[in-house]
Amino acid sequence: RREMVKVSAHGVVFILVLLWSALIGSIALISPSLILLFLPFEATRRVYRMWTGFVAQQWFTIATFLLERWCKVRIVLSGDELPKGEEALVVCNHRTRIDWMFMWCLCLRLGILDTMKIVLKDSLKSWPAFGWAMQSFMFVFLARDKSKDLQHMEDVLSYHTSNHHPLSLVLFPEGTDLSPTNMERSNAYAAQNKLPKYKYVLHPKVVGWSRSVALLRDTCTAVYEVTIAYHDFEEGKRTSEASLLAARYPKEVHLHVQRHKMALLPEAPAELEQWCRRSFQLREKRLQQFYTGPRKFGPEVPAPLSQEELERAWRNCLLFWLAGSVVSGLALLLLVGWAWTLTAALVWVILTRLGGADAIELRMHGEQGLYRTLLNKGPAE
C-alpha cells in the first residue's frame, strides 16, 4: 500500500519556483529562438546554441540557489583539489532519483555549469517545461535500448565535439537509482555472473561508459570520479521528489571527487570496462565506510569557484529571473501573452512528438543532417 505524499508549503514553494523558472525559460526565452533551428546557416545555429546554453546556466544556477539557500542543504567537497573550468567526464554513483540536481551544485563550483550535459532517461524529455528546456539544452536522452542508445549517444556527443562546443558530460553508469527493486536486480546479475553483491551501489553498465570515454577522449582532459553520499533528513530514508515536496531535504550532500587524467585511461574497450567496475568496487567500500563510520569521506577541500564568485553567480541569476518574471507577468495581463504561451506550449508538444528539439537539431545540422548533406553535395555540375 502506497503512503500518501506529504506536502509542505516550504516544499511547494521550492517546486513552484523551479517550475515557474522552467516555464519562463522554455516558453518565453527559448521558444522564440526555435526558428533558428530551421535556418540553413552556421551563424544562426551557433546563436541558438549559445543562447540556450546561457539560459541553461541561469536555470541550473537558480536551482542551486534554492537547494542551498532555501532548502539549506550543505554541500561538502572532498578528494582532489580541482582546476576551474576544466572540460571533464563526470562519473557518479546513483543513490537517489535526484542525484543529478546535486551535480548542478558540483558543476557550478567547478565552473562548468555552462558546458554541462547530463545523460538522462528518454521519458524525461516529455515533461512540460522541464523536459522542453532540456531538449534545447541538448542533453543525452536514452531509451534503455542498447541497440539505439549507443548510436544516439555517439550522434549527440559527436555533434558537440565536431562543432567545437565546450562539453562536460555527467554520467551515471548504474543507469538507475538504488531502490530495493533495482538492488535485487543488481544482486541477481551479480549472482549470475559470479560477482560480489553490493549494498551501496549497483553494478555499472560499462558499455555506455566505455563509449563515452572513446568519444570524449580528444576533448575532455580528465575524468572526475564522483562518489555522492547523504546526511538524509531521516537517516536511511533516501531523498526523492516526494520528500522535496514535503520539505524533507537532506541535511548535507557529500561529494568526493577524484581526478584522473584522460590520457592515462586505457584505450581498449575491455580495459575501460574493467576500470569502471573497479571504480564501483572502490565506491562500495568508500560508501560503506561513510555510512557506518563518521559520515564524512575525508578532509573538506576548497571548490575551484570561490564563495564570493558563488554568491555573485546567485545574485546575477536572481536578477535575471526577477526581470524575466516581471516581463512574463506583465505579458500575461494581456491577451497576446496568453496566446503566445498556449502557442509556444503547442509547438513544444509537437516538437516532442517529433522526437524533441534535440532530435530536430541533429536532423537539420548533424553530421547526417539535412543542411550538412546539402552542403556536402554542393552545386550540381
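The values are calculated or read from the model by the stated rules, or taken from the named source; none is laboratory data. Fair warning: this is a prediction, and the values are worked out from it, not measured in the lab. Here the Cβ positions follow ideal geometry from the backbone for every residue, glycine too, while neighbour counts run over all protein chains shown. Note: accessible area is taken over every heavy atom of the protein model, side chains too, but ligands, DNA and RNA are not part of it. Shrake-Rupley method; radii C 1.70, N 1.55, O 1.52, S 1.80 Å.
The set of residues in the stretch 303-345 that are open to solvent by 80 Å² or more (accessible area, probe 1.4 Å) and closer than 30 Å to LEU77 by Cβ comprises GLN307, GLU308, ARG312, ARG315, ASN316, LEU319, LEU322. Would a scan of the stretch 155-167 turn up a residue that is open to solvent by 20 Å² or more (accessible area, probe 1.4 Å) and over 19 Å from the mean Cα position of the chain (by Cα)? Yes: one or more hits. Among all residues of the stretch 126-133, there is none that is within 21 Å of LEU216 (Cβ to Cβ), under 15 Å from the mean Cα position of the chain (by Cα) and in a helix (DSSP H, G or I). Under the condition of being farther than 26 Å from LYS197 by Cβ and either surrounded by 21 or more Cβ atoms within 10 Å (Cβ to Cβ) or within 22 Å of the chain's Cα centre (by Cα) (or both), the residues counted in the stretch 262-284 number 1.
Counted as qualifying within the stretch 1-117 are the helices (runs of 4 or more DSSP H) with 3 or more residues that are open to solvent by 20 Å² or more (accessible area, probe 1.4 Å) and either more than 30 Å from GLU273 (Cβ to Cβ) or charged (D, E, K, R) (or both), namely 9-23, 42-65. Among the residues that make up the stretch 317-340, is at least one of them within 21 Å of LYS148 (Cβ to Cβ) and not basic (Lys, Arg)? No, the stretch 317-340 has no match at all.
Taking the conditions exactly as written (more than 18 Å from the chain's Cα centre (by Cα), exposed (fewer than 15 other Cβ atoms within 10 Å of the Cβ) and not in a strand (DSSP E or B)), does THR181 satisfy them or not? Judged against the criteria, THR181 is a match. Report, by residue number, each residue of the stretch 118-138 that is of a type in the set (S, T, N, Q) and open to solvent by less than 10 Å² (accessible area, probe 1.4 Å). Scanning the stretch 118-138 gives GLN135, SER136.
Just a yes or no: is a residue in the stretch 255-264 touching a residue at least 12 places away in the same chain (Cβ under 8 Å), more than 21 Å from LYS84 (Cβ to Cβ) and not in a helix (DSSP H, G or I)? The answer is no; no qualifying residue exists. Of the residues that make up the stretch 139-149, is at least one over 22 Å from MET262 (Cβ atoms) and part of a strand (DSSP E or B)? For the stretch 139-149, residues over 22 Å from MET262 (Cβ atoms) and part of a strand (DSSP E or B): present.
Determine if the stretch 10-24 includes at least one residue that is over 19 Å from ALA247 (Cα atoms) and in contact with a strand residue (DSSP E or B) (Cβ under 6 Å, 6 or more places away or on another chain). No: zero hits. Looking across the stretch 212-236 at every residue that is in contact with a helix residue (DSSP H, G or I) (Cβ under 6 Å, 6 or more places away or on another chain) and assigned to a helix (DSSP H, G or I), the one that is surrounded by the most Cβ atoms within 10 Å (Cβ to Cβ) is identified as VAL213. Screening the stretch 190-211 for residues that are in contact (Cβ under 8 Å) with a residue 40 or more places away in the chain and assigned to a helix (DSSP H, G or I) and picking the one that is surrounded by the most Cβ atoms within 10 Å (Cβ to Cβ) gives TRP209. Identification of helices (runs of 4 or more DSSP H) wholly contained in the stretch 280-381 with 2 or more residues that are within 30 Å of ARG259 (Cα to Cα) yields 307-331.
Of the residues in the stretch 304-323, at least one is among the hydroxyl-bearing types (Ser, Thr, Tyr) and either more than 18 Å from SER31 (Cβ to Cβ) or under 23 Å from the mean Cα position of the chain (by Cα) (or both).
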